[in-house]
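The structure appears below as structure tokens.
The values are calculated or read from the model by the stated rules, or taken from the named source; none is laboratory data. No experiment lies behind these values; they were computed from the predicted model shown. For neighbour counting, all protein chains shown are included, and Cβ atoms are generated from backbone atoms with ideal geometry for every residue, glycine included.
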Amino acid sequence: MMLNISQRKTVTHWATGLFAWLVALILFFPILWMIMTSFKTELQAISQPPLLFWETTFDNYILIQERSDYLKYAFNSLYTSVGGTLLALIIAVPSAYAMAFFPGKYTKDILLWMLSTKMLPAVGVLIPIYMITQMGGLLDSIYPLILIFALMNLPIIMWMLFTYFKEIPKEILEAARMDGATTRDELRHIVMPLSWGGIASAGLLSLILCWNEAFWSIQLTASDAGTLAALIASYSSPEGLFWAKVSAASTMACAPIIVFGWFCQKQLVQGLTFGAVK
Amino acid sequence: MNSQSNISTQVQHKWLNVVNLLKAPSIILLLVWMIVPLSMTVYYSFVEYNLLYPGPKLFIGLENYSYFSTDSAFFPALFNTLVLVGSVLTITVVLGLALALLVNQPFFGRGVVRVLLISPFFIMPTVNALIWKNMMMDPNYGIFSVIADFFNVVPINFLEDLPLASIILMVSWQWTPFALLIFMTSLQSQDTEQKEAAQLDGAGFWSIFRFLTLPHLARPIAIVVMIQTIFHLSLFAEIFVTTGGGPGFASTNLAWLIYRQAFLAFDVGVASAGGVFAIILANIVAFFLIRAVGKNLTE
């Protein structure tokens, strides 16, 4: 049977769709399975063959909160991510603004150097940072984490903001200056409104990276300032099978940032592409 | 004319101070953040310093370096670090491109598919590692063993037999969505008229991809490679949670080797020498990468 062009188009349309859905479901499966397991009992979680239908239970969630005080860790994650991101933005916005609008001879080299500091592996400086923190009596406190998170993300934030600010047409600023606008007016009425998108996306990426950061959290915190990433890492020791509880803890650790990411995906991408997408 | 330019240079001069004042904090902070720990690491790497044996820190020259580099784990760790970064980069870029081309086609429920596809990027590395270690790769109860049973094949004990590959799989699963996210966005900005014109001229899928799409994506690919290299060179959490560097040194990378020296053997001197090695490696990679990619980025 011959298909005419529009029929053939419908067929490819459906075939592409089915294939894309299949791939998406396969890649999403581990997350889905984690969420499903978190609502099972420990026995159901390891039943063979795996259960697709079961009576859901919320016991794991209640247990996790009672036993390891999920909320304390969640607030530590929240404080450190928001604190680190805000601190980084406060430092980066004026700097990136100055570099984008008044580039000097070495601006590009400075930016490349900044990015290259990100290449320094964290383990290379782990011992000094650990010792400085210890000397300051700040082990297992959220303040060094906030500072480290800010510094850790500063180069990437600088880059994102710089490329974003650079896209703002300078003619607008010149025109405003001609009309007698002061620098403050310029910042408030032109630069800021035009740059919210860039600042938001840099902030979003930084929030996600801070929330998920595991290296420094594992090394520098214990029970007081532990973040969710560190809490989850403590479940890695193989003391018997308790997948359902681990899944519940993991789901609670990831859910806020996943939902946040879904809502902000457009915003996030805008800055992530470093001006590569015009 | 003359006086006007005088004023403007004056204004410029005043401006320059303000501008430098604005630029300074980020530069100074990063400089301190880099130099203080770095010089401490370099200092420790030349002295005998073990937390278990307190005493004067004696200068011992390059002994820590020779100890670290003759450790039987040194070359495997170096090799594993490079294999890990290389494989993850290849997989994520290729898969990310393929997926981006796929979701760029019109079909039903595309929005939902996109959301599902990018989700792994938001998962915490520690959670990622736990999901795969327990529920996917467990040789008795994991999904892979269930699939193997279904086909009557002996299930693979992933973390024992293929530890490095397993970690590469986990990391690629997490970072393919990152590549996808960036490629997807840049595909949307591709000139459709140009593509249609090429189609009318009889260009097939591959030649359009090769001569129009790929050049369009050069910069996004550069970005994906750069950012990922930064993160994967010092990959830690996945190894910490799953294999602990083993079995043997099969999944030990440089970061893990240094961690082991510092926090399991308490040998600060040797670990610091390792840190210097890691920094040197990172600098070599950075040098080539920034030369290849950095130009592309600053233009």
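When residue A:263 is tested against (1) in contact with an Asp or Glu (Cβ under 9 Å, 6 or more places away or on another chain); (2) under 29 Å from residue A:163 (Cα atoms); (3) at pLDDT 80 or above, only condition (1) is not met. Scanning the stretch A:82-99 for residues that are touching a residue at least 24 places away in the same chain (Cβ under 8 Å), at the interface with chain B (Cβ under 7 Å from one of its Cβ atoms), within 21 Å of residue B:34 (Cβ to Cβ) and surrounded by fewer than 23 Cβ atoms within 10 Å (Cβ to Cβ) gives a single hit, A:91. Inclusion of residue A:202 among residues that are surrounded by fewer than 23 Cβ atoms within 10 Å (Cβ to Cβ), away from chain B (no Cβ under 11 Å) and either at positive phi or not polar (S, T, N, Q) (or both) is not warranted. Scanning the stretch A:44-84 for residues that are over 28 Å from residue A:209 (Cβ atoms), of a type outside the set (S, T, N, Q) and in a helix (DSSP H, G or I) gives A:45, A:59, A:62, A:63, A:66, A:67.
Only helices (runs of 4 or more DSSP H) whose full extent lies in the stretch B:117-161 are considered here, and the ones with at least 1 residues that are surrounded by fewer than 24 Cβ atoms within 10 Å (Cβ to Cβ) are B:143-150, B:158-161. Scanning the stretch B:230-237 for residues that are under 21 Å from residue A:265 (Cα atoms), within 13 Å of chain A (Cβ to nearest Cβ) and under 24 Å from the mean Cα position of the chain (by Cα) turns up at least one hit. Residue A:31 satisfies every condition listed in (1) more than 27 Å from residue A:194 (Cβ to Cβ); (2) more than 10 Å from chain B (Cβ to nearest Cβ) except (2). Is it the case that residue B:270 is surrounded by 21 or more Cβ atoms within 10 Å (Cβ to Cβ), facing chain A (nearest Cβ under 7 Å) and hydrophobic (A, V, I, L, M, F, W, C)? No. Does residue A:37 count as in contact (Cβ under 8 Å) with a residue 24 or more places away in the chain and β-branched (Val, Ile, Thr)? So residue A:37 fits the description; yes. Every condition in (1) within 12 Å of chain A (Cβ to nearest Cβ); (2) over 27 Å from residue A:205 (Cβ atoms); (3) modelled with pLDDT of 80 or more holds for residue B:247 except the one numbered (1).
Can you tell me which residues in the stretch A:42-56 are more than 9 Å from every other protein chain (Cβ to nearest Cβ) and either surrounded by 15 or more Cβ atoms within 10 Å (Cβ to Cβ) or touching a helix residue (DSSP H, G or I) at 6+ places or on another chain (Cβ under 6 Å) (or both)?
The first filter runs over the stretch A:42-56 and keeps only residues more than 9 Å from every other protein chain (Cβ to nearest Cβ), leaving A:42-44, A:51-56.
Passing the criteria: A:42, A:44, A:51, A:54.
If you go through the stretch A:142-169 and pick out every residue that is away from chain B (no Cβ under 14 Å) and either under 17 Å from residue A:199 (Cα atoms) or at pLDDT below 85 (or both), you end up with 2.
Looking only at residues that are aliphatic (A, V, I, L, M) and at the interface with chain B (Cβ under 7 Å from one of its Cβ atoms) in the stretch A:116-135, which one is surrounded by the fewest Cβ atoms within 10 Å (Cβ to Cβ)? Out of the qualifying residues, it is A:129.
Per the conditions (1) surrounded by fewer than 16 Cβ atoms within 10 Å (Cβ to Cβ); (2) aromatic (Phe, Trp, Tyr); (3) in the same structural domain as residue A:187 (by TED's automatic domain parsing), the sole criterion not satisfied by residue A:102 is (1). Please work out if residue B:226 is at pLDDT below 85, under 24 Å from the mean Cα position of the chain (by Cα), in a helix (DSSP H, G or I) and facing chain A (nearest Cβ under 9 Å). So residue B:226 passes the test. Please indicate, with yes or no, whether at least one residue in the stretch B:175-187 is assigned by TED's automatic domain parsing to the domain that holds residue B:105, touching a residue at least 40 places away in the same chain (Cβ under 8 Å) and among the polar types (S, T, N, Q). The answer is yes, given that some residue of the stretch B:175-187 is assigned by TED's automatic domain parsing to the domain that holds residue B:105, touching a residue at least 40 places away in the same chain (Cβ under 8 Å) and among the polar types (S, T, N, Q). Any residue at all in the stretch B:164-173 that is closer than 26 Å to residue A:208 by Cα, facing another protein chain (nearest Cβ under 10 Å), assigned to a helix (DSSP H, G or I) and at pLDDT 80 or above? Yes, there is a match, as at least one residue in the stretch B:164-173 is closer than 26 Å to residue A:208 by Cα, facing another protein chain (nearest Cβ under 10 Å), assigned to a helix (DSSP H, G or I) and at pLDDT 80 or above.
Checking the conditions here, which among B:82, B:62 is away from chain A (no Cβ under 14 Å), under 16 Å from residue B:280 (Cα atoms) and aliphatic (A, V, I, L, M)?
B:62
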